[in-house]
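The values are calculated or read from the model by the stated rules, or taken from the named source; none is laboratory data. Note that the coordinates shown come from a computational prediction; the quantities given were computed from them, not determined experimentally. Here the Cβ is made from the backbone with ideal geometry for all residues, glycine too, and neighbour counts use every protein chain on show. We work out accessible area using only protein heavy atoms, side chains counted, and drop any ligands, DNA or RNA first. Shrake-Rupley method; radii C 1.70, N 1.55, O 1.52, S 1.80 Å.
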Amino acid sequence: MSIHIGAEKGAVADKVLLPGDPLRAKYIAEKFLEDVVLYNEVRGMYGFTGTYKGERVSVQGTGMGMPSAAIYVTELVKDYDVKKLIRVGTCGSIQKDVHVRDIVLAQAAATTSAIVRNDFPKHDFPQIANFDLLMKSYMVAKDKGFNVHVGNVLSDDVFYKDSLDDIFKLGEHGVLAVEMEAAIIYYVAAKYGVQALSLMTVSDHMITGEETTSEERQETFDEMIIVALDTLIN
Ligand SMILES: O=P(O)(O)O[C@H]1O[C@H](CO)[C@@H](O)[C@H]1O
Ligand SMILES: O=c1cc[nH]c(=O)[nH]1
């Protein structure tokens, strides 16, 4: 047992999907996994273990924002020996050609979080995806004909921003989208020497204001979840 995950050590697989939303974890477990066991309900942050195509995998909600995600990823790695982590999240696009419902593979993540800066005050620590997972996920997505983009994202501490000026400036420098967890997942994975990747579905467009309906989000999530699961077991 760890403080925030109420499971015996062997209850979590060494490969884990990480949605921010615990109810997305439930959806993934119910729709995509077989022989599912609920291993965590502490704080309502559901964690499930099951099998996908015969391989044991887990799916664990992380909550919203980097402090919360850091807690779950740290406990998964330190207390449950997890070796591969793939975030399955949502994001807001800041590029005209990155459309709602497209998939973004976060090759790297800039961040406003002070967590990394506090550890490395004199350096800009590069928060990057594991190359093997990144490459595999790109191949899976392309093979299935999904609309996929690879590049930088911003992991922001703030969802409701007073101004989008800095966000759009990052867009002018090629950053694809904004979300709230990828950077810290990459940082914790680097710290403990495990593999991590963040996939996001574009749920909102920050230039056009377009948003997805519940049904559209559901269908698009499925594409991202399939890419993540097929990457995780390969
Ligand atoms: O859909 P999830 O995975 O939670 O990701 C995004 O959605 C939340 C904000 O609505 C933040 O956690 C952000 O990163
Ligand atoms: O615009 C968005 C959409 C999802 N998640 C975010 O952090 N921002």
Practice problem: Compute the accessible area per residue over the range 40-97, keeping the other protein chains in place, probe 1.4 Å, unit Å². | Solution: 38 Å²
Quiz item: Using a 1.4 Å probe on the protein chains only, how many percent of the accessible area of the chain belongs to carbon and sulfur?
Solution: 52 percent
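Output the Kirkwood hydrodynamic radius of the chain, Cα pairs only, in Å rounded to one decimal. Spell out each step's value before the answer.
Details: mean 1/r = 0.0573 Å⁻¹.
After inverting the pairwise mean of 1/r, the radius is 17.5 Å.
Taking 0.36 nm per residue of separation and subtracting the Cα-Cα distance, what length does fully extending Ile207 through Ala114 add?
Details: separation 93, 0.36 × 93 = 33.48 nm, distance 2.69 nm.
Difference between extended and current length: 30.8 nm.
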Quiz prompt | Cα centre as origin, Lys/Arg/Asp/Glu Cβ charges: the chain dipole, Debye | solution = 660 debye
Practice problem: Find the Cα radius of gyration of the range 32-95, compare it with 2.2 N^0.38 Å by division, and give the number to two decimals. | Solution: 1.23
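Share of Cα-Cα pairs in the range 100-234 beyond 25 Å, in percent?
On the way: 2459 of 9045 pairs.
The share of Cα pairs beyond 25 Å in the range 100-234 comes to 27 percent.
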Self-check item: Mean projected area (nm²) of the alpha-carbon convex hull when the range 157-234 is viewed from all directions
Solution: 6.8 nm²
Quiz item: What span do the alpha-carbon atoms of the range 67-152 cover on each of the three principal axes, reported in whole Å from largest to smallest?
Solution: 39, 30, 21
Quiz item: How much accessible area does Tyr80 have with a 1.4 Å probe, in Å² rounded to the nearest 10?
Solution: 10 Å²
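Please compute the net charge surrounding Glu181, taking Lys and Arg as +1 and Asp and Glu as -1 over other residues with Cβ under 12 Å from its Cβ. Kindly include the intermediate steps, with their values, before the conclusion.
Details: positive: Arg87; negative: Asp21, Asp156, Asp157, Glu179.
Taking every Cβ under 12 Å from that of Glu181, the sum is -3.
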Quiz item: Going toward the positive end of the dipole of the range 89-234, with +1 on Lys and Arg Cβ and -1 on Asp and Glu Cβ, which of Leu197, Ala177, Ser93 do you reach last?
Solution: Leu197
Quiz item: How much accessible surface does Tyr27 have with a 1.4 Å probe, in Å² rounded to 10?
Solution: 50 Å²
Quiz prompt | Where Ser68, Ser137 fall by accessible area, highest first, once all protein chains stay in place (1.4 Å) | solution = Ser68, Ser137
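Apply 1/(1 + (r/R0)^6) to the Cβ-Cβ distance of Glu34 and Phe146, taking R0 = 22 Å, and write down the FRET efficiency to the nearest 0.05.
On the way: r = 24 Å, r/R0 = 1.07.
E(calc), rounded to 0.05, equals 0.40.
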Exercise. Distance between Cα centroids, the range 45-80 to the range 188-217: provide it in whole Å.
Key: 16 Å
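In Å, what Kirkwood hydrodynamic radius results for the range 1-120 from the alpha-carbon pair distances? The partial results should precede the final answer.
Details: mean 1/r = 0.0657 Å⁻¹.
The Cα-based Kirkwood calculation yields 15.2 Å.
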Practice problem: Quickly work out the Lys96-to-Asp157 label distance, labels modelled 7 Å from Cα along the C-beta direction, and quote it in nm with one decimal. | Solution: 3.4 nm
Practice problem: Could you order His205, His123 so the one with the most accessible surface comes first? Probe is 1.4 Å. | Solution: His123, His205
Exercise. Report the relative contact order of the chain, percent, no decimals, based on alpha-carbon pairs under 8 angstrom and at least 6 residues apart.
Key: 25 percent
Quiz item: When the helix-only estimate is applied to the chain (DSSP H runs of n ≥ 4, each -39,500 (n - 2.57), divided by the residue count), what is the mean residue ellipticity at 222 nm, nearest 500 deg cm²/dmol?
Solution: -11000 deg cm²/dmol
Quiz item: Which value results when the Cα radius of gyration for the range 124-192 is divided by 2.2 N^0.38 Å?
Solution: 1.27
Exercise. Grab the Cα-Cα distance for Ile233 and Thr51, subtract it from 0.36 nm times how many residues apart they are, and report the gain in nm with one decimal.
Key: 64.5 nm
